[in-house]
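Let me begin by presenting the structure, written as structure tokens, before commenting on it.
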Amino acid sequence: MLQDVSEAQKKNFYFTLKNKIADGFVILEQNDKLPYIVLRREKQQVDHLFNFVLCCITLGLWSFVWLYYARVSAKPREIIIAIDEDGNIFEENCHMA
């Protein structure tokens, strides 16, 4: 994979990939000629009972965090990690149908 990039760029690319896999992403597509990988993370379950208790303890302040967390984690997410022409690693959200 990654033929025209330096060892430091490869190391940084694989470090980013390792962190994403540890965060729950799985590899969907990998291109050996172009340095990019498409990753997907399925929707996560929100522990509503735990968040309700925190909301009660904080007198409702936790509700903003709870709503955000429930909205963001309730849908699957696809991202692409690649190395651009300048050798920089970038991460971009993929648009899902």
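The values are calculated or read from the model by the stated rules, or taken from the named source; none is laboratory data. Everything numeric here is computed off the predicted structure, so don't read it as measured data. Note that each Cβ is placed from the backbone with ideal geometry, even for glycine, and that neighbours are counted across all protein chains shown. These accessible areas exclude ligands, DNA and RNA; they are computed on the full protein's heavy atoms, side chains included. Shrake-Rupley method; radii C 1.70, N 1.55, O 1.52, S 1.80 Å.
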Determine, yes or no, whether Asn51 is among the polar types (S, T, N, Q) and either within 19 Å of the chain's Cα centre (by Cα) or within 20 Å of Lys11 (Cβ to Cβ) (or both). no
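Filter the stretch 15-46 down to the residues that are closer than 27 Å to Ser73 by Cα and open to solvent by 100 Å² or more (accessible area, probe 1.4 Å) and list them by number.
Phe15, Lys18, Glu42, Lys43, Gln45
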Restricted to the stretch 70-86, and to residues that are surrounded by 14 or more Cβ atoms within 10 Å (Cβ to Cβ) and either at pLDDT below 85 or of a type in the set (D, E, K, R) (or both), which residue is farthest from Ile21 (Cα to Cα)? Ser73
Please enumerate the residues belonging to the stretch 47-69 that are surrounded by 14 or more Cβ atoms within 10 Å (Cβ to Cβ) and modelled with pLDDT of 90 or more. Asn51, Leu54, Cys55, Trp62, Ser63, Trp66
Starting from residues that are of a type in the set (S, T, N, Q) and within 19 Å of the chain's Cα centre (by Cα), keep the ones in the stretch 54-97 and report whichever is farthest from Tyr14 (Cα to Cα). Ser73
